[in-house]
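Trainee: Below is the structure I would like to discuss, written out as structure tokens.
The values are calculated or read from the model by the stated rules, or taken from the named source; none is laboratory data. It should be emphasised that the depicted structure is a prediction, and the values quoted were computed from it without experimental measurement. Don't worry about glycine lacking a Cβ; one is built from the backbone with ideal geometry, like all the others, and counts go over all protein chains shown.
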Amino acid sequence: MVIDWMFVTFFVIILFTASGFARGWWKEALTTICLVWFIFLLQRPEIAQMLISSLNNITGAFWSFIPTSVSPVQMSGGQTVVTITTNSQPNPFLLNANSSNTWLNLLMVTIAGTILFGRYVLDKKYQPNPMGQLFGAGLGFLNGFFAVGLAREYLDGRALPGNAVASSQIVLSGSNGLGAQGTLFQAMGLPNFTILDSIFPWMVIIPGLLLLLVLLKARVGLEKSEDGMKLTMKKRPEFYTEPSPGKNPKTLEEIIERVYTGPKPPGKKSFYDKLVALFGF
């Protein structure tokens, strides 16, 4: 199957731009920071190799402690003890730093992880205002460009540890699931430039570090206390707003109040309060 790489690029960029517009700048910036980190690893393959080796050591340590069998043993003194046999098989989760699949999988997992992290770290009730949506769309545009560029580098393989050959087209071969080997797809129309050309990576990495500082400053602050300065977490970053109270009822009290009596006048007991007093909840 032949794929037009430029069409894929435009589609992914539009998708990320729309997502950034909906999520706002702070949530989209989480993805930007991670994509910049992947670009940095392409610039420094030795660090990428060290990172994969560390991950393999961690997963290997956990794998070696997984028990494979538990059996009772009768001792000579009549006592029964339980023996646990740990895993002696090779770690099946070993990652290959030279493999395109390793980095493509890590890239997809990371993007999905930043989306979930942003959704649950920043309260859902906070929504970006128009300025936050505009900044989010701009970051989403960049994220789409970075994601496609990273995918190209991983499929091409020239910047992975142990590889140094670039090509003008990408051909991915493998199993079709039925046991036959063949070409999965062939990407044509690749541009002559990549995200690793010239000083472009450092033009991304350095602003990415500044963006990380802005991201932290939007949620983390310093507060003076009796014990000195301490870090505090801000609930709402800049260019995010909180819907006005009563607009979208979520609690039981708000739902009952909205359905039966409408908004509660100031100083007057709500229908929910009267129910509590009547039944002694």
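Trainee: Scanning the stretch 157-214 for residues that are among the β-branched types (Val, Ile, Thr), in contact with a Gly (Cβ under 9 Å, 6 or more places away or on another chain) and assigned to a loop (DSSP other than H, G, I, E, B), which turns out modelled with the lowest pLDDT?
Mentor: Across the stretch 157-214, the extreme among qualifying residues is 165.
Trainee: Within the stretch 1-29, how many residues turn out to be of a type outside the set (Gly, Ala, Ser), more than 18 Å from residue 149 (Cα to Cα) and buried (at least 16 other Cβ atoms within 10 Å of the Cβ)?
Mentor: 5
Trainee: If you don't mind, another one. So if I check each of 86, 102, which one is at pLDDT 90 or above and of a type in the set (Ser, Thr, Tyr)?
Mentor: Matching residue, one of 86, 102: 102.
Trainee: A further question follows. Tell me which residues, restricted to the stretch 116-130, are in a helix (DSSP H, G or I) and farther than 17 Å from residue 211 by Cα.
Mentor: 116, 117, 119, 120, 121, 130, listed by residue number.
Trainee: If residue 128 meets every condition in (1) under 20 Å from the mean Cα position of the chain (by Cα); (2) modelled with pLDDT of 95 or more apart from one, which number is that one?
Mentor: (2)
Trainee: Just for helices (runs of 4 or more DSSP H) wholly inside the stretch 1-68: which have at least 2 residues that are out of contact with any helix residue (DSSP H, G or I) (no Cβ under 8 Å at 6 or more places or on another chain)?
Mentor: 5-23, 45-64
Trainee: Of a type in the set (Gly, Ala, Ser), surrounded by 10 or more Cβ atoms within 10 Å (Cβ to Cβ) and at pLDDT below 70, is that true of residue 262? Explain how you work it out, then say what you get.
Mentor: On the way: of a type in the set (Gly, Ala, Ser): yes; surrounded by 10 or more Cβ atoms within 10 Å (Cβ to Cβ): yes; at pLDDT below 70: yes.
Yes, satisfied.
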